[in-house]
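A short write-up of the structure that comes next.
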């Protein structure tokens, strides 16, 4: 544990300008950073994450998701609205029923990578 403390702070006062300048050119613009932060906020809520995990396995309607998670349809609809706005889930209407699924394989990959990381 003592060695971990040695890595928490940097005692140098020299700025490696070549590294800083190189990385600066690779950084995304501010709007992209804010959009990415908003995306990751969606994964920070346990209810939204449970919905995403459920949709990894099957396309589901609001009633199905509500029953699975033991929540109201209204609460699930509210969370699905946020997930739709960040393009994590997409709706599909079949008659009077709206089914939800993950928007694309990127969402599946993000969740799979997160699960792999925490299981290390």
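The values are calculated or read from the model by the stated rules, or taken from the named source; none is laboratory data. Model, not experiment: these values are computed from the prediction. Note that we place each Cβ from the backbone using ideal geometry, even for glycine, and neighbour counts take in every protein chain shown.
Structure above, values below:
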{"read-out": "Test set (1) closer than 29 Å to residue 118 by Cβ; (2) part of a helix (DSSP H, G or I); (3) modelled with pLDDT of 95 or more - residue 3 fails condition number", "value": "(3)"}
{"read-out": "Any chance residue 111 is more than 22 Å from the chain's Cα centre (by Cα) and assigned to a helix (DSSP H, G or I)", "value": "no"}
{"read-out": "Residue count for region 68-99, restricted to those that are surrounded by fewer than 12 Cβ atoms within 10 Å (Cβ to Cβ) and in contact (Cβ under 8 Å) with a residue 12 or more places away in the chain", "value": "2"}
{"read-out": "Residue 48 vs. criteria in contact (Cβ under 8 Å) with a residue 24 or more places away in the chain and touching a strand residue (DSSP E or B) at 6+ places or on another chain (Cβ under 8 Å)", "value": "no"}
{"read-out": "Test: residue in region 35-43 that is touching a residue at least 60 places away in the same chain (Cβ under 8 Å), within 20 Å of residue 69 (Cα to Cα) and surrounded by 11 or more Cβ atoms within 10 Å (Cβ to Cβ)", "value": "yes"}
